[in-house]
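K.L.:
First, the structure itself, so that you have it in front of you.
The values are calculated or read from the model by the stated rules, or taken from the named source; none is laboratory data. Because the structure is predicted, anything quoted here is derived from the model rather than measured. Note that each Cβ is placed from the backbone with ideal geometry, even for glycine, and that neighbours are counted across all protein chains shown. These accessible areas exclude ligands, DNA and RNA; they are computed on the full protein's heavy atoms, side chains included. Shrake-Rupley method; radii C 1.70, N 1.55, O 1.52, S 1.80 Å.
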Amino acid sequence: MGKGPGLYTEIGKKARDLLYKDYQTDQKFTLTTSSPTGVAITSSGTKKGDLFLADVNTQLKSRNVTTDIKVDTSSNASTSSFMYKFEFLVEISLLPLFTTITVDEPAPGLKAIFGFRVPDQRSGKIELQYLHEYAGISSSIGLTANPIVNFSGVLGTNVLALGTDISFDTKTGNFTKCNAGFSFTNADLIASLALNEKGDSVNASYYHIVNPSTNTAVGAEVTHSFSTNVNTITVGTQHALDPSTTIKARVNNAGKASALIQHEWRPKSLFTISGEVDTKSIDKSPKVGLALALKP
């Protein structure tokens, strides 16, 4: 079976990753440790201004079943939270556990995902994904009396693909989301067009590989809102200085210019420094972000 069109979330993904992935103006540290038995623990902390957010994710793999258990202090689930404040004014929230169980290939091309949050009994959700040579389907439903039903489907090939992404609220009887997208892919170019927000906005993106040997690429994204008549245009590029070091830059029509440099000194261990300036407000201080990811 050849490579199919993939899921709806993959439409325009290459351009989005080029323009937005790894850019940040916060300070983030991530440490991942793993054992031969298939247990991996990832701890991360992010400093956003005066706020410090942390999470711990434990992943267990057994054959085709992957279980992720996460504690996230940035959650807004405050009903079961306990707060401790230390003298150095760092607050740590002991929040509910977010659990995701993924079963790969219970049948050819199928993936099943079951997620829930303890102790919230209304948070359960089950999702099924199916990949075929000419189709990619994802459907999920909340395990409640009046659930929200999500469905996305893509038809086509790895060259041409057409898809839709919808959500239906069974309680109100309304569609809360209705999007459609199209993509074209060849050896060095990916173009996509999407109609979002129930037809209120249109998004076009473009990704082009200039030089595969140096991972040099350019990308652009244009979004138009019909209700506000506002256009948002973002263009960017990336280039590998060497096999371990990548630089990226982007600018948008609001005058925000950003750049980053990322170095991988060992497999999956990355150091990233990024910055952003507002060219229309030179008096404002530039924003600088740092990210350190360690995987021994």
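K.L.:
Under 12 Å between alpha carbons, and skipping anything fewer than 8 positions from residue 177 in its own chain: which aspartates and glutamates qualify?
P.N.:
165, 169, 197, 200
K.L.:
Averaged per residue, what accessible area in Å² does the chain show with a 1.4 Å probe, protein chains only? Display every interim value, and only then the final one.
P.N.:
On the way: 17860 Å² over 296 residues.
Spelled out: the 1.4 Å probe surface of the chain, per residue, equals 60 Å².
K.L.:
Using a Gaussian network model of the chain whose springs link C-alpha atoms within less than 10 Å, name the residue from 278, 169, 50 with the highest mean-square fluctuation.
P.N.:
50
K.L.:
For the cross-link pairs 268/295; 47/256; 13/280, which exceed 18 Å when the distance is taken from alpha carbon to alpha carbon? Walk me through the numbers before you get to the answer.
P.N.:
Numbers: 268/295 6 Å; 47/256 22 Å; 13/280 29 Å.
From the list (268/295; 47/256; 13/280), the Cα-Cα distance tops 18 Å for 47/256; 13/280.
K.L.:
Could you point to the residue in 115, 253, 237 farthest towards the positive end of the chain's charge dipole, with +1 and -1 charges on the Cβ of Lys/Arg and Asp/Glu respectively?
P.N.:
Farthest along the dipole direction, towards plus: 115.
K.L.:
Test of understanding: in a Gaussian network model of the chain with alpha carbons linked when under 10 Å, which of 12, 49, 136 would top the mean-square fluctuation ranking?
P.N.:
49
K.L.:
Give the aspartates and glutamates whose C-alpha is closer than 14 Å to that of residue 248, dropping any in the same chain fewer than 8 places away, or say none.
P.N.:
Partners within reach: 17, 22, 276.
K.L.:
Something else now. As a test of the formula, what do you get for the chain when each DSSP H run with n ≥ 4 contributes -39,500 (n - 2.57) and the sum is divided by the residue count, at 222 nm and rounded to the nearest 500 deg cm²/dmol?
P.N.:
On the way: 1 runs with 8 residues, N = 296.
Theoretical 222 nm ellipticity from helices: -500 deg cm²/dmol.
K.L.:
Hey, another quick one. Compute the distance from the alpha-carbon center of region 14-50 to that of region 220-248, in whole Å.
P.N.:
So the separation of the two Cα centres works out to 21 Å.
K.L.:
Consider the candidate values [x] 55, 39, 37; [y] 56, 47, 38; [z] 51, 47, 45; state which one is Cα extents along the principal axes in Å computed from the structure displayed.
P.N.:
Comparing each candidate, only [z] matches the computed number.
K.L.:
Got a number for carbon plus sulfur as a percent of region 8-294's accessible area, 1.4 Å probe? Please list the in-between numbers first.
P.N.:
Values: 10600 of 17260 Å².
Heavy-atom surface of region 8-294 belonging to carbon and sulfur, 1.4 Å probe: 61 percent.
K.L.:
Treating the beta-carbon of each Lys and Arg as +1 and of each Asp and Glu as -1, no other charges, what is the dipole magnitude of the chain about its Cα centre, to the nearest 20 debye?
P.N.:
200
K.L.:
Over the chain, with a Gaussian network built from C-alpha contacts below 10 Å, which listed residue (165, 22, 188) shows the highest mean-square fluctuation?
P.N.:
In the Gaussian network model the winner is 188.
K.L.:
Run down the lysines and flag those whose C-alpha is under 19 Å from the C-alpha of residue 48, throwing out any fewer than 8 positions away in its chain.
P.N.:
Straight-line reach from residue 48, under 19 Å: 21, 28, 85, 284, 287.
K.L.:
Name the residue from 34, 142, 106 whose Cα lies farthest towards the positive end of the charge dipole of the chain, charges +1 on Cβ of Lys and Arg and -1 on Cβ of Asp and Glu.
P.N.:
Highest projection toward the positive end goes to 34.
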